[in-house]
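To start, the structure under review is shown below, and the notes come after it.
Only the coordinates and a few stated rules stand behind these numbers; no lab work does. This one's a predicted model, so the numbers in the text were calculated from it and none came from an experiment. Backbone-built Cβ (ideal geometry, glycine too); neighbour counts: all protein chains shown.
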Amino acid sequence: MGLRLLSGDAPRSGILSLLLIVVFLGLALAPFLFPGVRALHTAATICVFILLVASYDLLLGYSGIVSFAHTMFFGLGACGVALASIHMGRGWDALLVGTLSGALAATVLAYVIGLFSLRVRAIFFAMITLAVASAVAVLVSQLFQLTGGEDGLTYQIPRELTPAFRFGEVFGTNLNGRLLNYYLVFFACLALFLLLLRLVNSPFGRVLQSIRENDFRAEAIGYRVVHYRTAATCMSAAIAALAGSLYAIWLRYVGPDTTLSFEIMIDVLLMVVIGGMGTMYGAVIGATIFVLAQNYLQNLMGVAAEATANLPLIPDLIDPNRWLMWLGILFVLSVYFFPSGIVGRLRAGR
Amino acid sequence: MMSAAPDHSPTFARLTLIDRLGRAAPYLLVPVLVVLGFLAIGAPTSWLTLTVSGLAMGMMIFIMASGLTLVFGLMDIINFGHGAFISLGAFVGVSVLFALPGWTDAASLPLNIAAILLAILAAMVLTGALSWVFERVIIRPVYGSHLKQILITVGALIVLEEAIHVIWGGEEIFLIRPSELRGAITFAGAALEKYRILAVVLGLAIFFALRVVLRRTKIGLIVRAGVENPDMVEALGYRLKLVFIGVFIAGSALAGLGGVMWALYEQVITAGMGENMMVLIFIVVIIGGLGSVEGAFVGALLVGLLQNYVAFLEPKLALISNIALMTAILLWRPEGMMRVAKGH
Amino acid sequence: MSDPILTLDAIATDIAQYHILKGVGFQVPRGQVTMLLGRNGVGKTTTMRTIMGLLRNKSGQIRFDGQEIGALPASARARAGIGYVPEDMGIFTDLTVEENMHLAAVSGAPDQARLDWLFSVFPPLKTFWRTSAGNLSGGQKQMLSIARAMIEERRLYLIDEPTKGLAPAIVATMVGALRDLKRQGASILLVEQNFAVARALGDKVVVMDDGHVTWEGDMGELATDTGLQERLMGLSMEAG
């Protein structure tokens, strides 16, 4: 039963299984294990990023395509929910319409980009997505300035999903709408993650992998490489948009920095590579470690920088603003030395 | 002589005609765009100002893009870290300019230009030297894998940008141009910024120098042949790896040069400027045809001109004008304006 | 006859995960034309590319004029005196005919006397001297490819299917050119599918099948024994 849920793709490593169970239980019981607004927010962010990173892995790890537009699709989903909630008014229908239209827009845009770039050379895709994503990012931030100010958009979601909605208490934890909201995010992410796992273990996923290994051979065997790559791109974009919608429902706020920025794109890249490309479970490990580190390690760096303020150079290097530099170094080193990431390492070391 | 191959000569003649038309088409796009701009703008003086400005911008983008496209064409290597060399060049060049206040503030054009040339030289030497290390440490281990190249050079881009923050501080740096290059001259009633004219002159000089090297020297022959069929160049007896390293260093030095020029154009520099430029550079390289220097030149001019015209006519559309241009060109020629023949 | 110009010994070459050559060994004598024959896909082109250094053999030895060259890059092998005409001709289509020829003359500018000889053998090269090589017809490209290899005197010529897909008149031109080259005492290793051409030029024959050498001997022996031809190469070789 368990293995069927995982589409027969067992973790194949004792430590990995343990880690996955810890993450799963931690997230499933987060509202009860880690009370507090910030902890729950971190947990929800981890859920969303696991899904986002997994959908990116479908592209990067399983299809061998580098995209820089993934956060754009993520943002489309978020904007869909925000705009629908603003224009249709608070309600479940607005969430549904926003989510679906965001996913649809992402799919169509991914299809168009794929049409232009994938039929010539896969490498075009990286460059074209970068160009399109940065243009869209600037465009959106201008639109924000026109409409909602640079502060972004805030909107109302159904009352049942907000802290104002209370319905009891269990083990000293308040049962409120925020809890429901969290479980909406959690179960939606879990379902979509399992769907992705099913996808990559289906015949479709195997063809993608054989294309990644050798596209000439795959074409020679008779697979239309372009079609498969385009399909993977569209699916990946749609799921990224769904992750964006969930994040928007959780945050009740959408701004350019939360969903569209290039920095998130870099974060996603890092999570995939560090977790392990082409493994799906890598997304779970990578996103969890990364979000935790971002939320807690950065503070630590600040403390350390203050503590060493009198020394030369060191405070400059461990200044929290240099967070990105260390990520970059970690990133380069992991591409060199651990191209299969944590999951690959664990599986190999079994 | 034609009788030697009677079966083939008719095909030959027909091919050339179509071929020539096809080859000329990209070059013709630039004057066509300039004329269209004239018709759309109406006011000749504004049009002239915008055209010079667009050409200046295009020239600078070309300088930055030329190295990237050659490196890709020659060794099939995609270097996202190219943007870091632009930023680095800008910071080094601006530091040199700051160190020479006597030359930049003097009311003497030769001294001003000497200061700029010195800044450019310093920037090129430093970026060139760094790129040599970069090629060995970052690029060489990932030959043959585009995926890893993209990942690792993006990582390197981030690290280098952050290193600039560590060295020069996290804030943007403002600068003013050397005294004789401030302001504009009036030509035919249009105000033309002096610096933009200098940028056009410098850009043209570099383009023609590159052309001469590529067309008239043996090393240029090797590079052009290597873009098309690296194996065959090796089989003729040339160490393409060595040529490639030379091209990589030269291309990165040109990125540094472009960085200095762009710094003087924008009069402000940030560590992220190169990363931002990469977007335009990729568009230029793609529409030009990966590996084609001429294509990058035409593409850069088109991007520069279009951006300036559209910004004047409909500022809101300026941003997407480049994407629209790219879309249109890829619809016309999916591999870019000047497709580089690949012999394998 | 002195020692052979080229000796292959138990060469194994992989392309990706496929074992293409599985222990190829034969000799190319000096001043002779050695024909490398066999059906499509048996590893003839891979053998040529391995000798040239464009593919690396994972085991075995390649001795060129007494020297082991297996570790040298392709460029060093070329400079040691191996001229190469690849199966796809390897023409630089963005360059003119002149530029193609200049590039092929590695040690400097092309020798005028040799150029005149090549012009007499391949007249179209003179006609289209300053034309982009991409505009040449298939036959003209093949002429250019061979002329490029011949622009300097090489100690060994590797020529891969020079008559593939050419009209009979052009094939005759090719055969004439190669015969000229042979008369000058050149050592040539020639892959050829057209048995008439092979018989006209070859002194020695090496037959390959499935990554191995299956027969090595004189052309005279093979040319007269149709049973042997059929057994070694199948009926596809009958054409021409």
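Setting aside same-chain residues fewer than 8 positions from B:Lys316, which aspartates and glutamates have a Cα under 19 Å from its Cα?
Cross-link targets: A:Glu150.
Return a single number: how many Lys pairs in chain C, at a sequence separation of 8 or more or on separate chains, have alpha-carbon atoms below 23 angstrom apart.
So the count of such lysine pairs works out to 16.
Rounded, prolate or oblate for chain A? Axes are the square roots of the Cα gyration tensor eigenvalues, ordered a ≥ b ≥ c, and the cut-off for rounded is a/c under 1.5.
Cα axes put chain A in the rounded bin.
Could you pull out every whole DSSP H run in chain A that spans at least 18 Å of Cα extent along its own axis and averages 0.0 or higher on the Kyte-Doolittle scale?
In chain A, the long hydrophobic H runs are A:14-28, A:37-63, A:70-88, A:92-117, A:122-146, A:177-200, A:225-251, A:262-275, A:323-337.
What helices does chain B have that are whole DSSP H segments, at least 18 Å long along their own axis by Cα, and with mean Kyte-Doolittle hydropathy of 0.0 or more?
Flagged H segments are B:9-41, B:44-75, B:82-99, B:109-134, B:146-168, B:194-216, B:240-266, B:273-288, B:293-313, B:318-332.
Any chance you could check the Cα centroid distance between the stretch C:180-202 and the stretch A:201-262 for me, in angstrom?
Measuring centre to centre over Cα atoms gives 54 Å.
Would you list which lysines come within 17 Å of B:Lys218, measuring only between C-alpha atoms, while excluding same-chain residues fewer than 8 positions from it?
The qualifying lysines are B:Lys241.
Identify the residues of the stretch A:222-247 with backbone N under 13 Å of a label point that sits 7 angstrom from the Cα of C:Tyr18 along the Cα-to-Cβ direction, or state none.
none
Would you give the gap between the C-alpha center of the stretch C:110-163 and the C-alpha center of the stretch C:14-37, rounded to a whole Å?
25 Å
Just how far, in whole angstrom, is the stretch B:233-261 from the stretch A:68-134 if you go by their alpha carbon centroids?
The stretch A:68-134 and the stretch B:233-261 have Cα centres separated by 38 Å.
Any idea which of C:Ile188, C:Gly138, C:Gly217 is furthest toward the positive side of the dipole for chain C, if Lys and Arg beta-carbons carry +1 and Asp and Glu beta-carbons -1?
The Cα lying farthest towards the positive end belongs to C:Gly138.
For C:Ile11, which sequence-distant residues (separation of 5 or more, or a different chain) have an amide H within less than 5 Å of its own amide H, given hydrogens modelled in the peptide plane?
When sequence neighbours closer than 5 places are left aside, the close amide H contacts are C:Gly23, C:Val24, C:Gly25, C:Gln61.
Given R₀ = 22 Å, what would the calculated FRET efficiency be for B:Leu21 paired with A:Glu219, taking r from the Cβ atoms and rounding to 0.05?
0.10
Please list, or write none, the lysines whose alpha carbon is within less than 25 Å of the alpha carbon of B:Lys194, excluding same-chain residues fewer than 8 places away.
Candidates past the 8-residue exclusion: nothing left.
Determine the percent antiparallel among the DSSP beta bridges restricted to the protein assembly as shown, to the nearest 5.
70 percent
Relative contact order (percent) for the stretch B:60-332, with alpha-carbon contacts under 8 angstrom and 6 or more residues of separation?
38 percent
So if R0 is 45 Å, what FRET efficiency would A:Ile15 and B:Ala324 give, r being the distance between their Cβ atoms, rounded to the nearest 0.05?
Plugging the Cβ-Cβ distance into 1/(1 + (r/R0)^6) gives 0.30.
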